[in-house]
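Q: Starting off with a structure, shown below.
Nothing in this text is a laboratory measurement; each read-out follows from the coordinates by a stated rule. Computed from a prediction, not measured in an experiment: that's the story for all the values here. Positions of Cβ are generated from backbone atoms using ideal geometry, with glycine treated the same way; all protein chains shown enter the neighbour counts.
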């Protein structure tokens, strides 16, 4: 009898942003697969969860995949978490999810925290229709992607690291429109949460004068 794979969202900052059900699943699972066991250890300790953890991240997911599928086939209940937010969304997890479904293994996905939803609402940009792009390509395909974005009418959402924020905004100004509305949210749910809104040119100028800190969610207005 096959086991079960549970995708469990974890807080993106504030440890209180976890559901009762998520805690219950993490307590009952046979093993928790964690992107970084040290990071997840703080959350698990906070809620007195003693379930064994195994590392599952972008550097070992191909190597560990078949072994975890074998555990699921033997009836094990595995809970997958990332460092923050919902696993498999710009985080490891998709390969395991896909392979579990291919092997007719039960998969459940709990609702919970993800960074781009609060960032979208805090941006003040239209939220009735949007596209989540995750991280822009760093090198190969970046220019092609930026050119394609020029005609997108929906609000576009991106994740970005602090050391690439200025470059990304410069690319928006060059390939799109420096007067396009944009917002940049950082440290969502944390003590220093902040959202900067304005045109691409204005937000770019802000971060040239104030070095970016923390992980960012960028929301870019669509055309028209």
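Q: How do 94, 175 line up, fewest other C-beta atoms within 10 Å first?
A: Ranked by crowding around the Cβ, least crowded first: 94, 175.
Q: Most exposed first by the Cβ proxy, i.e. fewest other Cβ within 10 Å, how do 107, 8, 203 rank?
A: Arranged by neighbour count, lowest to highest, 107, 8, 203 become 107, 203, 8.
Q: Students often get this wrong: which residues of segment 84-98 have the backbone nitrogen under 20 Å from the point 7 angstrom along Cα-to-C-beta of residue 62?
A: 88-98
Q: Based on other C-beta atoms within 10 Å, arrange 1, 149 from fewest to most.
A: Sorted ascending by nearby Cβ count, the order is 1, 149.
Q: Extension gain residue 46-residue 164, at 0.36 nm per residue separation less the Cα-Cα distance, in nm?
A: Additional length available on full extension: 39.2 nm.
Q: While we're on this one: Quote the FRET efficiency, to the nearest 0.05, computed for residue 38 versus residue 194 with a Förster distance R0 of 35 Å and r equal to the Cβ-Cβ distance.
A: It comes out at approximately 0.85.
Q: Once you've got the GNM for the chain with C-alpha springs shorter than 10 Å, pick whichever of 92, 137, 11 has the biggest mean-square fluctuation.
A: Sorting by GNM fluctuation, first place goes to 137.
Q: Moving on. Run the numbers for residue 147 and residue 20: contour at 0.36 nm per residue of separation, minus the present Cα-Cα distance, in nm.
A: Extra length available between residue 147 and residue 20 comes to 41.3 nm.
Q: Given contacts defined as C-alpha pairs under 8 Å and at least six residues apart, what's the relative contact order of the chain, whole-number percent?
A: About 22 percent, as a whole number.
Q: May I ask you to compute the full-extension gain from residue 70 to residue 174, defined as 0.36 nm times their residue separation minus their alpha-carbon distance, rounded to one decimal in nm?
A: 32.5 nm
Q: I've got another one for you. Rounded to the nearest 0.05, what FRET efficiency is calculated for residue 140 and residue 103 with R0 set to 25 Å and r the Cβ-Cβ distance?
A: 0.15
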